[in-house]
Amino acid sequence: MIKMSEVDTKIKEKYYEPENFKLQFKEVLTDYSKFLFKPGKEDEELKKRDFLYNRLKSKRKFATKLDNTLTKIGLVAVFIVICWAVFAPWIARYNYFFVQGIDYSVSWYDPPTAAHPFGVSKFGRDVLSRLIWGARSSLSIGLIAIVMASIFGVIVGILSAYQGGIIDSIIMRIVDIIMAFPGLIMIIIIVSILGNEMYYIMLIYGVLGIPGYARLIRGSVLQEKTKTYVEASKVSGSSDWRIMFRHILPNCIAPVIVAVTFNVGGIILSLAGLSFLGFGDYALIEWGTDINIARSRLTTAPWASIWPGVGIFITVLGFMLIGDGLRDALDPRLQGKKKK
Amino acid sequence: MSLVKYTIRRILALIPILFGVLFMTFIMTRYIPGNPFMFAIGEHPTTSQIKAMNEMVERYGLNEPILVQLWMYVQKLFSGNWGVSLIIRRGTPVWSMILDVFPRTVEIALLSVGIATGIGIKAGISSAVNRNTRKDTFIRFFALMGVAIPVFWLGMILQFTFGYRLGLLPSTNYFDANLDPVPKITHLRLIDTLITGNLIAFWDTVLHLIMPVFCLSFIYLAGITRQTRSSMLEVLELDYVRTARAKGCKEKDVINKHAFRNALIPVVTVVGLGFAGLLGGAVLTETTFNLNAMGMLTIQAINSIEYDIINATIFIGTIILVSANLIIDLVYGIVDPRIRY
């Protein structure tokens, strides 16, 4: 055991004594400066350290598997977009609450200036502010819809696969019918029946997402159902619900998690398409709606319709990149084979 | 023999799905508030106009109970009478409207899926072979970009740069309306113009199609590349690939002949479903480029509540999708001879 006081004195000796300081300085110059100019692979010592580090580092750790350039880019992109959504009133210069980001002092479709770095859209709406505010509506619709779809989809899928019989075939026929529809057109029809309010749009995406998850999890539950551990838990007297949600579910959840991250992106993309076609909620600030409004002025005011698209692109790309990384990390077939 | 039995069984299983979709579409469209005649009388109708509208509603049976209407519609559908357009092109039979529009969709879909498949498979294989190198990262990023990019936004950027700034390509429409009309032989404009030797019209159509086909193939390229990559990665780890290498096959043959053949099944699925989806109408691309094909017709029909057109287009789209599923399953047997029905 080393006492803390000893450590203190050692540190003091090393760093605060004038003659030692000289030594330290020399060390920095000669020993460490080479790391600045040499790539790590060429230096013998660094190579050894790297090797040791990689050997000691746990290959099974989840965070290690996610350590990937593309996944990092995705995380950064999603982080930025979430920051936009959460801190929109503080970041955006023109506020939503009163005037939907409208600056009355400029004329419509003004080119970019210092006050409006990305230009001005119809009614004098500041494009940058609306780009930032748009994150809020897209993320909230996308995330709530996906939570609804995945939870209900998983429950329906497990019930259907585990119970089997007539319930299973009825549920699967309904799923087949809904999946056979052209997706966007079905959403448009339902939006035109219910009206284009935000809550309806959330609900539609949530409900129409259920069949996909049900079918996704059904396949793996059918496989897991026949395994020995299910029989064992049956013998030990656990109820059906316990077997379904405590034993089978954790073994089938990995593809669902991957699908959720992909589908958040998918829903945001589809939502943008929906509002691009003019079926979005006009009371919200939303990227697709902005593009739809400014599209007719593409030749004279390209900034008004190009910049909102950047928002969609960054958000969706971020979620897709994370989903890709997660899929590689969660895939049992690829485990332990990751090379650096 | 078993193949025929399998096909028949599958087709019989498709019928309830088709009817389900038809009934659902029908009932949903009838619940859209308003009726098609509403648009004809305008915003401030007089009493006589409202009376006329009600008469029309009565004549088309829109006041009947919904199940009666459904029965009438199914009878009409299977006797070959798909109804008449009421608003979009007044008096034109729906069937001939679809015949006008559908070949365009086929043309666009064929071109873009062809291009996307060719490039996507190559890119996917090279990404899987060079796994975790810089090339792989680059291809994966590009493929993800294709999945993540909103197609209308990509289209608008292309329109702005190539159509407006550089002035190289026409940015909207399917062909130049000022040209002489081309006789409809196969209804595919590219082939028709070639047959009649009308090279000006052919070149004009090609120019009009470059940007939409680029957009669509960029999107589908992404899916195909990703699918090829992941299934190739799975196959490349298998024992028989190592055996092939050990017995001294060329690396090219190992990948193209041994590994790729076995990785093809998921790729076939993605290509087939993508093609079927495109045939059902690429709504966003068509709207961006004003192509006036299947998807745009459906949107127009929804906007003006044309029940018959909505039902017909969705019905056709669904038939294509489910039969594509069937065809994909049959193609599995050709791709992989181990699969028996």
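The values are calculated or read from the model by the stated rules, or taken from the named source; none is laboratory data. Please read these numbers as outputs of a predicted model, since none were measured by experiment. Reconstructed Cβ throughout: ideal geometry from the backbone, glycine too, with neighbour counts over all protein chains shown. For the accessible areas, the whole protein counts, side chains as well, though only heavy atoms, and no ligand, DNA or RNA atoms are used. Shrake-Rupley method; radii C 1.70, N 1.55, O 1.52, S 1.80 Å.
Per the conditions (1) more than 14 Å from B:GLY317 (Cβ to Cβ); (2) in a helix (DSSP H, G or I); (3) out of contact with any helix residue (DSSP H, G or I) (no Cβ under 6 Å at 6 or more places or on another chain), the sole criterion not satisfied by B:GLY277 is (1).
Exactly one residue out of A:TRP307, A:TRP241, A:TRP287, A:TRP303 is open to solvent by 30 Å² or more (accessible area, probe 1.4 Å), more than 8 Å from every other protein chain (Cβ to nearest Cβ) and within 22 Å of the chain's Cα centre (by Cα): that is A:TRP307.
Scanning the stretch B:156-183 for residues that are more than 14 Å from chain A (Cβ to nearest Cβ) and among the hydroxyl-bearing types (Ser, Thr, Tyr) returns a single hit, B:TYR174.
Taking residues in the stretch B:246-266 that are touching a residue at least 24 places away in the same chain (Cβ under 8 Å), and partners anywhere that are crowded, with 18+ Cβ neighbours inside 10 Å and not aliphatic (A, V, I, L, M), the pairs with Cβ atoms closer than 6 Å and at least 6 places apart or on different chains are B:ALA263/B:SER231; B:PRO266/B:GLN227; B:PRO266/B:SER231. Go through the residues of the stretch A:173-181 one by one and say whether even a single one is surrounded by fewer than 19 Cβ atoms within 10 Å (Cβ to Cβ), on the phi > 0 side of the Ramachandran plot and free of Cβ contacts under 8 Å to residues at least 24 places away in the same chain. The answer is no, given that none of the residues of the stretch A:173-181 is surrounded by fewer than 19 Cβ atoms within 10 Å (Cβ to Cβ), on the phi > 0 side of the Ramachandran plot and free of Cβ contacts under 8 Å to residues at least 24 places away in the same chain. From the list B:ILE320, B:ILE305, the lone residue that is open to solvent by less than 40 Å² (accessible area, probe 1.4 Å) and closer than 25 Å to B:MET38 by Cα is B:ILE305.
Residue-by-condition table, conditions (1) facing chain A (nearest Cβ under 10 Å); (2) in a helix (DSSP H, G or I); (3) within 14 Å of A:GLY183 (Cα to Cα); (4) not charged (D, E, K, R):
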residue: B:LEU284; (1), (2), (3), (4): yes, yes, yes, yes
residue: B:THR288; (1), (2), (3), (4): yes, yes, no, yes
residue: B:ILE299; (1), (2), (3), (4): yes, yes, yes, yes
residue: B:ILE309; (1), (2), (3), (4): no, yes, no, yes
residue: B:ILE314; (1), (2), (3), (4): yes, yes, yes, yes
residue: B:LEU321; (1), (2), (3), (4): yes, yes, yes, yes
residue: B:ILE328; (1), (2), (3), (4): no, yes, no, yes
residue: B:TYR332; (1), (2), (3), (4): no, yes, no, yes
residue: B:ARG338; (1), (2), (3), (4): no, no, no, no
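Just one of the numbered conditions (1) within 12 Å of chain A (Cβ to nearest Cβ); (2) within 13 Å of the chain's Cα centre (by Cα); (3) open to solvent by 10 Å² or more (accessible area, probe 1.4 Å) is not true of B:VAL271: (1). Taking the conditions (1) within 14 Å of chain B (Cβ to nearest Cβ); (2) closer than 30 Å to A:ILE217 by Cβ; (3) of a type outside the set (A, V, I, L, M) in turn, A:SER140 satisfies each one other than (1).
Yes/no matrix, rows are residues, columns are (1) assigned to a loop (DSSP other than H, G, I, E, B); (2) open to solvent by 10 Å² or more (accessible area, probe 1.4 Å); (3) not assigned by TED's automatic domain parsing to the domain that holds B:VAL129:
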site	(1), (2), (3)
B:ASP176	yes, yes, yes
B:LEU179	yes, yes, yes
B:THR186	yes, yes, yes
B:GLY197	yes, yes, yes
B:ILE210	no, yes, yes
B:SER230	no, yes, no
B:LEU233	no, yes, no
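Can you confirm whether A:ILE291 is in the same structural domain as A:ALA85 (by TED's automatic domain parsing) and over 27 Å from A:SER192 (Cβ atoms)? So A:ILE291 fails the test. Beta carbons closer than 8 Å, at least 6 apart along the sequence or on distinct chains, never pair a first residue in the stretch A:182-196 that is at the interface with chain B (Cβ under 8 Å from one of its Cβ atoms) and at positive phi with a second that is of a type in the set (Val, Ile, Thr) and open to solvent by 30 Å² or more (accessible area, probe 1.4 Å). When you look at A:PHE313, is it modelled with pLDDT of 90 or more, open to solvent by less than 20 Å² (accessible area, probe 1.4 Å) and in the same structural domain as A:ILE190 (by TED's automatic domain parsing), yes or no? For A:PHE313, the condition - modelled with pLDDT of 90 or more, open to solvent by less than 20 Å² (accessible area, probe 1.4 Å) and in the same structural domain as A:ILE190 (by TED's automatic domain parsing) - is not met. Taken together, the criteria place A:LEU128 among residues that are within 26 Å of the chain's Cα centre (by Cα), away from chain B (no Cβ under 14 Å) and open to solvent by 30 Å² or more (accessible area, probe 1.4 Å). Would you check if B:ILE108 is away from chain A (no Cβ under 14 Å), open to solvent by less than 50 Å² (accessible area, probe 1.4 Å) and either touching a residue at least 24 places away in the same chain (Cβ under 8 Å) or farther than 30 Å from A:GLY74 by Cα (or both)? Yes: the conditions hold for B:ILE108. Taken over the stretch B:29-59, residues that are free of Cβ contacts under 8 Å to residues at least 24 places away in the same chain and of a type outside the set (S, T, N, Q) amount to 16. Flag: A:TYR213 matches the condition of being more than 9 Å from chain B (Cβ to nearest Cβ), open to solvent by less than 10 Å² (accessible area, probe 1.4 Å) and more than 17 Å from A:ASP281 (Cβ to Cβ).
For residues in the stretch A:260-276 being in contact with a helix residue (DSSP H, G or I) (Cβ under 6 Å, 6 or more places away or on another chain) and open to solvent by 10 Å² or more (accessible area, probe 1.4 Å), which is nearest to the other protein chains (Cβ to nearest Cβ)? Of everything passing the filter in the stretch A:260-276, A:LEU269 is nearest to the other protein chains (Cβ to nearest Cβ).
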